[in-house]
1. Which residues, counting only those in region 64-80, are of a type in the set (A, V, I, L, M, F, W, C) and either farther than 20 Å from residue 19 by Cα or assigned to a loop (DSSP other than H, G, I, E, B) (or both)?
2. Could you tell me which residue of region 10-48 is modelled with the lowest pLDDT, considering only residues that are under 21 Å from residue 103 (Cα atoms) and among the aliphatic types (A, V, I, L, M)?
3. State the number of residues belonging to region 76-94 that are over 14 Å from the mean Cα position of the chain (by Cα) and surrounded by 17 or more Cβ atoms within 10 Å (Cβ to Cβ).
4. Which residue pairs have Cβ atoms closer than 7 Å, lie 6 or more positions apart in sequence or on different chains, and pair a first residue in region 101-119 that is more than 15 Å from residue 16 (Cβ to Cβ) with a second residue that is assigned to a strand (DSSP E or B) and basic (Lys, Arg)?
5. Across region 34-58, what is the total count of residues that are in contact with a strand residue (DSSP E or B) (Cβ under 9 Å, 6 or more places away or on another chain) and either assigned to a strand (DSSP E or B) or without any contact (Cβ under 8 Å) to a residue 12 or more places away in the chain (or both)?
6. Based on this model, can you work out whether residue 61 counts as part of a loop (DSSP other than H, G, I, E, B), in contact (Cβ under 8 Å) with a residue 12 or more places away in the chain and under 18 Å from residue 95 (Cβ atoms)?
7. Just to verify a result, which residue in region 49-64, among those that are modelled with pLDDT of 95 or more and loosely packed, with under 14 Cβ neighbours inside 10 Å, is farthest from the chain's Cα centre (by Cα)?
Amino acid sequence: MGRELTDQELHNLAMNIVGHELEANGFEFMAINSKLKKNPQYVCLKEKKLHFIVVRNVEFPIDPKDYDRELMDKVKEHAEKFEARTYYAGVGLSNAADRTEPLYLNEEYVVDYQGLIEI
């Protein structure tokens, strides 16, 4: 068994999943912040409009669509100063062999990501 992924590694994995989707959907990256607790993770441009996107790794069995309203209200307030739209992207990551186990380096995992949620 490999070593357990750190919080930062889980966060980076979630960001990669969301980043690939954003890229595939024509978002242009203006700023990327992968530090834990620094929001938003992505500032993107699409159709001449700014988008602030908060990415979170969500541990099983928590629903990846549930988000911290207080945090997201704060991000939205900040985004509005830039006339930006605000989104939450929750990425559920779990061990493929046993969802109650942590994720380990180089082992399979399950992704539960249902897209951007506009705030």
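The values are calculated or read from the model by the stated rules, or taken from the named source; none is laboratory data. Everything quoted here is computed from the prediction, not taken from an experiment. Heads up, the Cβs are rebuilt from the backbone with ideal geometry, glycines too, and the neighbour counts pull from every protein chain shown.
1. Filtering region 64-80 for residues of a type in the set (A, V, I, L, M, F, W, C) gives 71-72, 75, 79.
Hit for region 64-80 is 71, nothing else.
2. So the first thing to find is which residues in region 10-48 are under 21 Å from residue 103 (Cα atoms), and the list is 10-20, 34-37.
Still in the list and also among the aliphatic types (A, V, I, L, M): 10, 13-15, 17-18, 36.
Details: 10: 96, 13: 96, 14: 97, 15: 97, 17: 97, 18: 98, 36: 88.
Among them, the one singled out is 36.
3. Our first condition is that a residue be over 14 Å from the mean Cα position of the chain (by Cα); within region 76-94, this holds for 76-85, 94.
Restricting the remaining residues to those that are surrounded by 17 or more Cβ atoms within 10 Å (Cβ to Cβ) gives 76, 79, 84-85, 94.
Number satisfying all stated conditions: 5.
4. These pairs meet every condition: 118/85.
5. Qualifying residue count for the region: 15.
6. Numbers: part of a loop (DSSP other than H, G, I, E, B): yes; in contact (Cβ under 8 Å) with a residue 12 or more places away in the chain: yes; under 18 Å from residue 95 (Cβ atoms): yes.
So residue 61 fits the description; yes.
7. 49
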